[in-house]
Every structure is written in structure tokens, then in C-alpha cells.
Amino acid sequence: MACSIGIAAAAGPAFAREIAPAVEQAGFAALWVNDTPGHDALEVLAAVAEVTETLGLATGVLPVDRRSGEEIAEQVRERELPSDRLTLGIGSGGRRRGALDAVREAIIPLREAIDARIVVGALGPRMRRLGATAGDGVLLSWLDPEIAAIQTAEAHDADAGAHAALYVRAAFDPDAVPRLEAERDAYAGYPAYAANFARLGLSPADTVITPQAAAARLPAYLDAADEVVLRMIIADPADTPAARRFIDRAAELVAS
């Protein structure tokens, strides 16, 4: 099993450059960066690459309705991101129709141009299977440990070499809990995620890690997937000391 840290691209390159060495020194596998509208995960990862040597660099995820596979490949080359450390998470974004074909078509030029791991952000079974078979694996999110373990096993059944990464929103400081709850409630209101929660019989509250539950919940998550990405939730997303406390607490929990 592996454990990584995740941040939003909105945090910016300067923030990422500040915390990335601490993530690497604490022994985490990678720093994952959410691509958000108006902010570029690849730009943030380029800053991370400048200040680290072995830390994995990952996107979670680049929506192919905003940039094609060819565009992503060109931007990776322009930013000189090291392919041996790179995981490209891609997803269908806001597409309602043709989502599977769009993701499949994006994988092809990425395969041809970049020697990096490609994982697909997926909710439904068909997209998860596509990620496991056409890509190198899947990026799961908003799951409890039990369902995450089932979906990881399904990915391995589709392809024994598939990598199953799992995003888990986590807050370790009590003052970060309101922000965690706000993000949880926002996703629960998005139609695709609301439908997925309903389909799986999940309460959104069962899919996050709170300060009180961290010691009990994290081991179950680490057993459920090949890589767990602790998506950092802190009260102020630009608060570097709070981010360092998050990293230290996460490392402490993983070690124990």
C-alpha cells in the first residue's frame, strides 16, 4: 500500500513549492494536485518537480472536455515534467454523452507521447473498467473503505496490473472541519455524485476522515486501495504552517 497527499491547484505553485519538500521528506509516495477551473495542475506540478527529487507527481484529474489528450501531452513536454515520476489522472469532466469515448480517445495520444502512468477518474463501472484496461488504473473518490475495497478488487480483476488510487478528503485540525463539511456537502449536491451516493447506498459523511475518527479510519482506507491520497483540508488553504501540521499528522498516523 502507498499513501500520498493531495492539494488543489488553486493553492498555487508557490504554496506547493513550500510544502512539497516536507511531503517528500515524510515519505509519502506522491503529491496529487486537483485541476480546478482557472488553475492548472500541471503548472503546480512543475513547481513541485523543481524542489523535489523522488516525490511522485500526479494530477487528479485533468478533464478532457477542457483539454484534449494531445494538448495535455504537449503541456507535459513544455513543462519538462519527469515522466518516470508522473501519474496523469484524466476524466470526462462535464460531458454527459460520449464520456467513455472521449476518455478512451484521450488515452491514445498520451500513450504515444508520454511514458507516464495514466489513471482514469471514474464513478461508474464502465469508466472504471476502461481505466483498468485502456489506462493503467483508476482514481476513485468519495467512498467508504468497504466499497473502495470492492472497486479496487474489480479493477484488479479487469487487469491484474491496474493501479487503484483512492482520494479521501481528510481534516486533522478541528478548525478545518467546517471546510471539510462544506466540501462534502457541495459534492453531495452535484448530480453525478448525488446519483453515485444513492446508487451505492452511501452517506457522504461516511466517505471523509475527521479529526476524531482519523486513527480508526485511516488503516481501513489503507487496506482498501493500492494508494490512498489524503486530500488535505485545512481551514485556510494558503496556511503553510497548517499544511505542515497536516503532513506531520498524516505521517504519524501512517507510521502507527
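So which residues in the stretch 46-60 are out of contact with any helix residue (DSSP H, G or I) (no Cβ under 6 Å at 6 or more places or on another chain) and either touching a residue at least 40 places away in the same chain (Cβ under 8 Å) or open to solvent by 30 Å² or more (accessible area, probe 1.4 Å) (or both), if there are any at all?
Glu50, Glu53, Thr54, Ala58, Gly60
In the stretch 79-90, is there at least one residue being among the β-branched types (Val, Ile, Thr) and assigned to a helix (DSSP H, G or I)?
no
How many residues are of a type in the set (S, T, N, Q) and either open to solvent by 90 Å² or more (accessible area, probe 1.4 Å) or within 20 Å of Ala47 (Cβ to Cβ) (or both) when one looks only at the stretch 67-107?
So the count comes out to 3.
Given the stretch 145-256, what helices (runs of 4 or more DSSP H) lie entirely inside it while holding 2 or more residues that are under 17 Å from the mean Cα position of the chain (by Cα) and of a type outside the set (Ser, Thr, Tyr)?
The qualifying helices (runs of 4 or more DSSP H) are 145-158, 177-189, 214-222, 240-255.
Hey, can you tell me all the residues within the stretch 220-241 that are surrounded by 15 or more Cβ atoms within 10 Å (Cβ to Cβ) and free of Cβ contacts under 8 Å to residues at least 40 places away in the same chain?
Asp239
If we scan the stretch 88-103, do we find a residue that is over 19 Å from Val138 (Cβ atoms) and of a type in the set (A, V, I, L, M, F, W, C)?
no
Condition first: surrounded by 22 or more Cβ atoms within 10 Å (Cβ to Cβ) and without any contact (Cβ under 8 Å) to a residue 60 or more places away in the chain. Now tell me which residues in the stretch 28-41 satisfy that.
Result: Leu31, Val33, Asp35, Ala41.
Considering every residue within the stretch 185-195, establish whether at least one is more than 22 Å from Ala250 (Cα to Cα) and of a type in the set (Asp, Glu).
Yes, that holds for at least one residue.
Looking only at the stretch 242-252, decide whether some residue is open to solvent by 30 Å² or more (accessible area, probe 1.4 Å) and at pLDDT below 95.
The answer is no; no qualifying residue exists.
Of all residues in the stretch 108-131, which are among the small types (Gly, Ala, Ser), assigned to a helix (DSSP H, G or I) and surrounded by fewer than 19 Cβ atoms within 10 Å (Cβ to Cβ)?
Ala113
Of all residues in the stretch 187-218, which are open to solvent by 30 Å² or more (accessible area, probe 1.4 Å) and closer than 20 Å to Arg96 by Cβ?
Tyr187, Ala188, Gly189, Tyr190, Pro191, Ala192, Tyr193, Ala194, Ala195, Ala198, Arg199
For the stretch 10-27, how many residues meet the condition of being farther than 18 Å from Thr54 by Cβ and either touching a Pro at 6+ places or on another chain (Cβ under 6 Å) or crowded, with 23+ Cβ neighbours inside 10 Å (or both)?
Of the residues in the stretch 10-27, 1 are farther than 18 Å from Thr54 by Cβ and either touching a Pro at 6+ places or on another chain (Cβ under 6 Å) or crowded, with 23+ Cβ neighbours inside 10 Å (or both).
The values are calculated or read from the model by the stated rules, or taken from the named source; none is laboratory data. As the structure is a computational prediction, the values presented were derived from the model and not from experiment. Reconstructed Cβ throughout: ideal geometry from the backbone, glycine too, with neighbour counts over all protein chains shown. What goes into the accessible areas is simple: the full protein's heavy atoms, side chains included, and nothing from ligands, DNA or RNA. Shrake-Rupley method; radii C 1.70, N 1.55, O 1.52, S 1.80 Å.
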